[in-house]
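Comments concern the structure below.
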Amino acid sequence: MAAIVLAALCASGCGADSPPEQQNRLDKAAGLAQFKVTCTKDMWDRTRKSGLDGRNDEKFDKVKQVKLGGDQGKRGLIQITLTGPQLVEYLRKLDYDAHGGIDMNGQRPGDNEPMARRML
């Protein structure tokens, strides 16, 4: 459900450039106390990593992941709670992976592009 909310908050196109509403998304995210994301563990692990400026995903190493119970747990879903600043950083990573430019090796990182677009 939170992924749907995140998608509604962050709906974007699939072009090579960031959509024009990206800055507005970041401004809204910065004002949040917390934001919950529900997705599979694999989706979280892959989308929290990025080649953005050569940085790794250390900012998200301490983010608490809660395995959900019931039917959601059986489907492998987890819930992640992000602060506003963490959400801003996550949205930047997703935007870079979905619409980003060239990485440090002169290559466009495309491994997580479909997942990043989905999470946006």
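Pairs meeting the criteria (first residue in the stretch 60-86 and under 15 Å from Ala29 (Cβ atoms), second residue open to solvent by less than 60 Å² (accessible area, probe 1.4 Å) and of a type in the set (Phe, Trp, Tyr), beta carbons under 7 Å, at least 6 apart or on different chains) are Ile80/Trp44; Leu82/Phe35; Leu82/Tyr90. Of all residues in the stretch 59-76, those satisfying the criterion of being part of a loop (DSSP other than H, G, I, E, B) and either within 17 Å of the chain's Cα centre (by Cα) or closer than 18 Å to Arg46 by Cβ (or both) are Asp61, Lys62, Val63, Lys64, Arg75, Gly76.
Assess whether Gly101 counts as being modelled with pLDDT under 90, under 15 Å from Lys49 (Cβ atoms), of a type in the set (Gly, Ala, Ser) and surrounded by fewer than 19 Cβ atoms within 10 Å (Cβ to Cβ). No.
Of the numbered criteria (1) outside any loop (DSSP other than H, G, I, E, B); (2) modelled with pLDDT under 90, the one Gly110 fails is (1). Residues in the stretch 33-56 that are in contact with an Asp or Glu (Cβ under 9 Å, 6 or more places away or on another chain), modelled with pLDDT under 85 and assigned to a loop (DSSP other than H, G, I, E, B): Lys49, Ser50, Gly51.
The values are calculated or read from the model by the stated rules, or taken from the named source; none is laboratory data. Small disclaimer: the values here were computed from a predicted structure and weren't measured. Glycine gets a Cβ as well: all are built from the backbone with ideal geometry, and neighbour counts include every protein chain shown. SASA here: full protein model, heavy atoms, side chains in, ligands and nucleic acids out. Shrake-Rupley method; radii C 1.70, N 1.55, O 1.52, S 1.80 Å.
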